[in-house]
Amino acid sequence: MASLIEAIDIKRKMFFEHEGEPYHCLDVEVSRPTARGGQTLVRLKMRNLLTRAVFDRTFKAGEKFKEPDLVFSAATFLYADAAGFNFMDETSFDTLTLDADTVGHDRGLLADNCAVQIQRFNGRPIGLQLPPIVELAIASTEPAVRGNTASGTVTKAATLETGMEIRVPLFIEEGEKVKVHTETREFAGRA
């Protein structure tokens, strides 16, 4: 039997089940009462892992939630085609195809042979968990122009090999590999 988690014990980035669906906690705010007899309230910013919708909900500190039946399995991204995004399960070596809705906005961070964790809820794949940083090549960017730093513009637009666009420093050239934060989708350095 899954253990129960009290609302006051939920921390940022934890997973919990509410009304039969899995959620991921994005932020927590606890308000303690100033008057005698007041109740401690916990405000959670949470993402539904099935619909990807984000909610702000307030719960009493003593409310209990079940731990979701989430399983993470290691996989490697192989390729994308008309059927979806194809991954190889690292333990069974089976090919698993996820549709574009399941992959969501993470498709711009998926390069060939990228190691990911596939989230499964009750055995069904529901999403991806990417590593904190991925390495991607710059497909196109404008050349640096002498004098751009005087105007305060020290970054320029660059398109990655996956088609995603990010801001990079002026010294980055086409063809270079760069590191990208998967959470913020920002430049993290040269690879």
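Tabulated data
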read-out: Residue tally, condition assigned to a strand (DSSP E or B) and hydrophobic (A, V, I, L, M, F, W, C), over the range 2-47; value: 12
read-out: Filtered residues of the range 80-110 (kept if loosely packed, with under 14 Cβ neighbours inside 10 Å and among the β-branched types (Val, Ile, Thr)); value: Thr91, Thr95
read-out: Residue check, Arg52 modelled with pLDDT under 90 and on the phi > 0 side of the Ramachandran plot; value: yes
read-out: Matching residues in the range 137-164 - criterion: being at pLDDT 90 or above, closer than 16 Å to Thr184 by Cβ and more than 17 Å from the chain's Cα centre (by Cα); value: Ala158, Leu160
read-out: Test: residue in the range 134-142 that is surrounded by 15 or more Cβ atoms within 10 Å (Cβ to Cβ) and in contact with a helix residue (DSSP H, G or I) (Cβ under 7 Å, 6 or more places away or on another chain); value: yes
read-out: Residues of the range 48-93 satisfying the condition of being of a type in the set (S, T, N, Q) and assigned to a strand (DSSP E or B); value: Asn48, Thr58, Ser73, Thr76, Asn86
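The values are calculated or read from the model by the stated rules, or taken from the named source; none is laboratory data. From a predicted model like this one, the values you see are computed outputs, not experimental measurements. All Cβ positions, glycine included, derive from the backbone under ideal geometry; neighbour counts span all protein chains shown.
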